[in-house]
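The values are calculated or read from the model by the stated rules, or taken from the named source; none is laboratory data. Everything numeric here is computed off the predicted structure, so don't read it as measured data. Here the Cβ positions follow ideal geometry from the backbone for every residue, glycine too, while neighbour counts run over all protein chains shown. For the accessible areas, the whole protein counts, side chains as well, though only heavy atoms, and no ligand, DNA or RNA atoms are used. Shrake-Rupley method; radii C 1.70, N 1.55, O 1.52, S 1.80 Å.
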Amino acid sequence: MMSGKSGFGIAGIAGRMGRMLIEEIAAAGAPLAGGIDHDGGVNDATLFADIAGLAGACEVVIDFTHASAVRGHARMLARAGTAWVLGTTGLSAEDEAEVARAAQSVAVVYAPNFSPGVNLVLALAAQMASALPAAVYDAEILEMHHRQKVDAPSGTAIGIGRAVAQGRRVALEDVMESGRDGHTGARKPGAIGFAALRGGQVVGEHTLLFASADEHISLTHRAFDRRVFAAGAVRAALWVRGRPAGLYSMMDVLGMVPTPKPA
Ligand code: NAD
């Protein structure tokens, strides 16, 4: 730990997750160094001008902002030597490459979903996919979120897809079929399909379906309160303090059977 740094910082402190993180950090009895946000501050939490200021002041930055912020945050946190708990979703391959580069110099926990239940779904998804042959069982992933969500499919849906792909020993990018519309042609053998619903204030629902001609098997997770993500992110922040540089997943934090880390 560099001198002068203490406690946790929140990137996106005025957002839905940011506000909940303030409460969960307090509930964990951990000190809050402050945060950053385009929309200004929250209550009496210290507001830093930029990510460099925040990274210089705290041990761990918990980041729930927007994908457009990720590359800049990656470079700045690596330079400052500050650990990073990254929950932002909608990252491009280039963004993820920058996260991986930062993880060469600092400890990073990157998870599309910080809920323990979803991480169990990821582990089960990989197991199911390796037991159910792709030629017989079509894998489809359906997700629903609140009307404000800006990216689709959700990071969690993509994480489930990656777990299925890992169980089938293929690359998700080679078999992903997302957002079918119009004359799409027949389903490609071995495809992993995605569909997204948006509406109301749904915190997060994900169903993984394996469909053969003879049977359907589905696994559904429903989050009722986004507090489950905030509590998981704070748990990750407590876990990552003082860890060596590396790219960690929520599986590592929970001590569960490892599944593929985000690329
Ligand atoms: P939100 O829009 O309510 O909050 C995001 C906040 O970040 C806003 O206040 C915005 O002003 C701020 N912001 C955006 N870019 C910024 C930047 N460059 N610098 C400083 N502040 C910036 O959104 P939310 O519901 O809190 O979700 C935030 C992100 O977290 C989304 O990508 C969402 O998908 C993701 N998320 C992940 C999990 C998980 O478990 N991994 C759970 C919930 C949400």
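Values for this structure:
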item	result
Distant-in-sequence amide H partners of Ile10 (H built 1.01 Å from N, under 5 Å)	Gly34, Gly35, Ile36, Ile62
Per-residue SASA entry for Ser68, accessible area with 1.4 Å probe, Å² rounded to 10	100 Å²
Packing-based ranking, highest mean first, of 155-162, 183-190, 46-53 given that Cβ atoms within 10 Å are counted	155-162, 46-53, 183-190
For q = 0.08, 0.09 Å⁻¹, Debye-computed log10 I/I(0) when each Cα of the chain counts as one equal scatterer	-0.32, -0.41
Beta bridge orientation in the chain: antiparallel %, DSSP, nearest 5	35 percent
Once the Cα gyration tensor of the stretch 116-223 is diagonalised, semi-axes √(5λ) in Å	21, 17, 12
Per-peptide average of other Cβ atoms within 10 Å, ordering 121-130, 209-218 highest first	121-130, 209-218
The stretch 1-130: translational diffusion in µm²/s, Stokes-Einstein, Kirkwood Rh over Cα pairs, 25 °C, 0.890 mPa s	162 µm²/s
Structure-based [θ]222 nm, the chain - -39500 (n - 2.57) summed over DSSP H runs of at least 4, per residue, nearest 500	-10500 deg cm²/dmol
Percent carbon-and-sulfur accessible area, the chain, ignoring ligands, DNA and RNA, probe 1.4 Å	53 percent
